[in-house]
Structures are given as structure tokens and as C-alpha cells.
Amino acid sequence: MSAARAVETVFRIESARIIAGVTRIVRDVGIAEEIAQDALVAALEQWPRDGIPDRPAAWLMATAKHRAVDLVRRRETYARKLAEVGRALEDVPPPPEPAEPDDIDDDLLRLVFTACHPVLGTDARTALTLRLVAGLTTQEIARAFLTSEPTVAQRVVRAKRTLARAGVPFEVPRGADRAQRLASVLEVVYLVFNEGYSATVGDDLLRPALCEDGLRLARLLAALMPDEPEVHGLAALLEFQASRTAARTGPDGEPVLLADQNRARWNRLLIRRGVASLHRAGSGPYALQAAIAGCHAAAVRYEDTDWRTIAALYGRLVQQLPSPVVELNRAVAVSMAEGPAAALPLVDALAREPALRSYHLLPSVRGDLLERLGRAPEARAEFERAAALTRNARERDLLLARAAALGKKSPAQGD
């Protein structure tokens, strides 16, 4: 691997931790992100010349922290600020697990709660945290939000300025303040994991580092707030989803559809953890999604899946969380429980939803229904349209392969 490629790879994985560690020193997420970028530039200059360090992540963290300390020294008297910085000056990682649930010493979790401060609007909180914690680009965040890149960029810039003006402390809050931020924090953790589980852009279907960060944050939240049912609902959902990761791609990284996955490769330990978390969850949106994932996990074979229960759970979910994406998922479950003819009108009605206009899974689902109904030429056109909309190379290849297969099956029917 070239030095430049190594820099980009390590920074992509470690940027959130670097920003979090620097924020603890400078107390400003905007400045912390700039310092992290400075460390990236320094690595791009030095690694090709001096070689890749033995501990590249530690090198980036140390470089960023040193620059942060230099900034602090310039701003205030060194002696007074040194006492506040404390062990943040040392080149050691934070402890991975807390000794006590209520005293979690995790900079990444502090960063999430800081970015989810109520001084920001919901959209701004989520966009900022995805940018800082997940290291997503504005393009990737826009895709996750089903919105435009300029809109996301403006949200991120304004959010950082607002936090700086308000002097928001870098901490995991307690009491009512913690509860007030919880919904946004859960949403962010879910979106971080989901971007890793099904990448919106790039050459790979999975981004394991994001899945690991999302799952780790969900577990930390469950330890921090053991009496919050939805925290356990989210943890259960991510445990179930993570259990399938190894079976979701083939030897060359190509996507493997749920019906074709080797369920022997599903991680039984994660499934057991998901079941345990689900027992502590309530009946909120994350708990319902976890129950759906649990139905899949309980099926030994794809043919054993309890689609009627899944469709009913989606019906309850759409009442609590009205969303065209949830409606689309419900339509898929209805198609499996009652047949494709019952689901096609539901999908066709969603074609009028502005938020789904460029959402590739809408024509993908419609193509699948049409294929099952024997309408091959129409199905092929839908798969081709879905392939044109997705920005993930692996998904595009899969969709084009399905379209091509339909073309071979019905050459006389034309377009």
C-alpha cells in the first residue's frame, strides 16, 4: 500500500476519534476538525518521505493533539490551561470500556452528545455528527438524508458556528439534559451503522469500521442508560444486523441477497446479544425494527421467515414513524406474505413521493415485484433505472446483472 493510500485509509477510520480527542483540548468541534485536517496534511507530506509509522493512528492522534496544545498555549497562559488539559496531553487512547456506566470516559460518545445539543435543530445535529463521528462526506450525508449536498454543507457549517457561539461543553450530559438529546443521538448512531452496513457510495457494499463504531456506541449507550427501552431497542437492532455481515457479500465483495445468504455464516453470538437486548426493549420504533430483524434471525431457512408477522410489525412501525422508506419496506413484507400483486399498488403509490424520486431501492423493489409477476421487460427497465440511481458500484453491478438475466430470459419480447 502506498503511503498516500495508507494516510487516507487510516484517517478515514480514525478521524472521529482524532476530532473527539482534540475537542477535549480545544473545546470547539469546528476548530478540532480543522486541526485533524492539518494532521492529515502533515501525514501526506511526511509519510511518503519518511515511511509509514509503526502506529499510524497514534501518529495522527499525537500530531493533532500537539497542534491543539500549541493553539491552547497561544490563546491562554500555558500553566492554567495545562491543568485543564491533564491527561489529554499524553499520547494514550481513552479506555475502551467504563468502570461505571454513569461515568463513561469515551471521547467519541462525548462528541456525539455535544453535536446533538438541543441548541441545534434535529437535521443539523444529525448532519454534524455524521460528518464528525462517521467521517462521511457531504455527498454521503445528503444521500442518507435524501436531500441535496449544498443543504447538508450549510447545515454542517452553521451547526459548528452555533455550537461555538453557545459555548456548548464537551461532555456526556446527565439527567433531563441527557434524555432531551437521546432521540437525536439514537438517530445518529443508527445512521452511522447503516452507512457502514449498506454504503451509499463507493466500490464496497460494506464499510466495517462504521458498523463497528455504530455498534460500539449503541452498546455504550445501553450501559450509560440501562433504563431507557429504546436504547436497548437500537442495540438489539444493530446486534441483529451486524450478525449477518459476513454472509452479505461473496468472495469478491459482491452483494448476496437475503434469500441467498448462507445462514450458517450468521454470527450466533451477536444474535443472542440481540435477543437479550430485545427483551429489555419496549415498543418504540427501534424496538419494532429490532423485532423485525429478530424474525429474520429466528428463521433457519429463508423459506421459514414469518413474513406475516414482519408485515404486521411494519404496519405498527409506519404508525409511529411515518416514512416513505418504511412504507416501501412494508410493501416488500406484504409481497412475501400475500404475493407480489398485493404489494405492487403500494409501491406504485410511493412513486409520487418526492423524497423517493432518486431513491434506487424504489425501482429495485418494483423490478423484483414485476419479475415475480412474469413481466420481464418492465422488470428489466426498473432494474436498469435503479442501477442508474445508485452510487454504490457493488449494488450497480448486481442490478445490471439482474436486468441482463431478464433480457436473456425474454429476448423475443424486446423492450
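Could you give the alpha-carbon Rg of region 256-415 over 2.2 N^0.38 Å, rounded to two decimals?
Rg over 2.2 N^0.38 Å, computed on Cα atoms: 1.12.
Ignoring any ligand, DNA or RNA, what whole percent of the accessible area of region 148-296 comes from carbon and sulfur when the probe is 1.4 angstrom? Before the final figure, lay out the partial values.
On the way: 3250 of 6270 Å².
Whole-percent figure for carbon plus sulfur exposure: 52.
Kindly state, to the nearest 0.05, the FRET efficiency for Glu254 paired with Arg158, given R0 = 35 Å and r defined as their beta-carbon distance.
After rounding, the FRET efficiency stands at 0.30.
When the Karplus curve 6.51 cos²θ - 1.76 cosθ + 1.60 is applied with θ = phi - 60°, which whole-Hz ³J(HN,Hα) does each residue of region 187-198 get, with x for Gly and Pro?
With coefficients 6.51, -1.76 and 1.60, one gets 4, 5, 4, 4, 5, 4, 4, 5, 5, x, 6, 8 Hz.
According to the Kirkwood expression over distinct Cα-Cα pairs, how big is the hydrodynamic radius of region 197-255, in Å?
12.5 Å
Rank these by accessible area, largest first, 1.4 Å probe: Asp227, Asp106, Asp304.
Listed by decreasing accessible area, they come as Asp227, Asp304, Asp106.
Starting from the amide H of Asn392, placed 1.01 Å from N in the peptide plane, find each other amide H under 5 Å away whose residue is 5 or more places distant or on another chain.
Those qualifying (amide H under 5 Å, at least 5 residues apart or on another chain) number zero.
If you split all Cα-Cα distances of the chain into 20 Å bins from zero, what percentages do you get per bin, shortest first?
In whole percents, the pair-distance histogram is 24, 55, 20, 2, 0.
What number results when the radius of gyration of region 289-341, computed over Cα atoms, is divided by 2.2 N^0.38 Å? Walk me through the numbers before you get to the answer.
Details: Rg = 10.8 Å, N = 53, 2.2 N^0.38 = 9.9 Å.
It is 1.08.
Per q in 0.15 1/Å, what log10 I(q)/I(0) does a Debye calculation on the alpha-carbon atoms of region 160-239 return?
-0.62
For a distance above 16 Å, tell me the whole-number percent of Cα pairs in region 1-73 that qualify. Intermediate results must be reported in sequence, preceding the final value.
Numbers: 1048 of 2628 pairs.
In whole percent, the long-distance tail amounts to 40.
Suppose each label sits 7 Å from its Cα in the direction of the beta carbon; what would the Arg49-Arg268 distance come out to in nanometres?
Modelled inter-label distance: 5.6 nm.
Per DSSP H run of at least 4 residues, take -39500 (n - 2.57); add these up for the chain, divide by its residues and hand me the 222 nm value, nearest 500 deg cm²/dmol.
Theoretical 222 nm ellipticity from helices: -22500 deg cm²/dmol.
Could you work out the mean projected area of the convex hull around the alpha carbons of region 217-296, in square nanometres to one decimal?
Seen from a random direction, the Cα hull of region 217-296 projects 5.4 nm² on average.
Please state, rounded to one decimal and in Å, the Kirkwood hydrodynamic radius that region 136-175 gives when every pair of distinct Cα atoms enters the mean of 1/r.
Taking the inverse mean of 1/r over all distinct Cα pairs, region 136-175 comes out at 11.6 Å.
Given bins 5 angstrom wide, list per bin the percent of all Cα-Cα distances in region 116-224, short to long.
All Cα pairs considered, the percentages come to 2, 13, 22, 24, 19, 13, 6, 1, 0.
Just want to confirm a number: the relative contact order over region 243-291, from Cα pairs under 8 angstrom separated by 6+ residues, in percent.
33 percent
The values are calculated or read from the model by the stated rules, or taken from the named source; none is laboratory data. Note that the structure is a prediction, hence the values are computed from the model and not measured. Here the Cβ is made from the backbone with ideal geometry for all residues, glycine too, and neighbour counts use every protein chain on show. Each accessible area value is taken on the protein alone, full model and side chains, heavy atoms only, with ligands, DNA and RNA left out. Shrake-Rupley method; radii C 1.70, N 1.55, O 1.52, S 1.80 Å.
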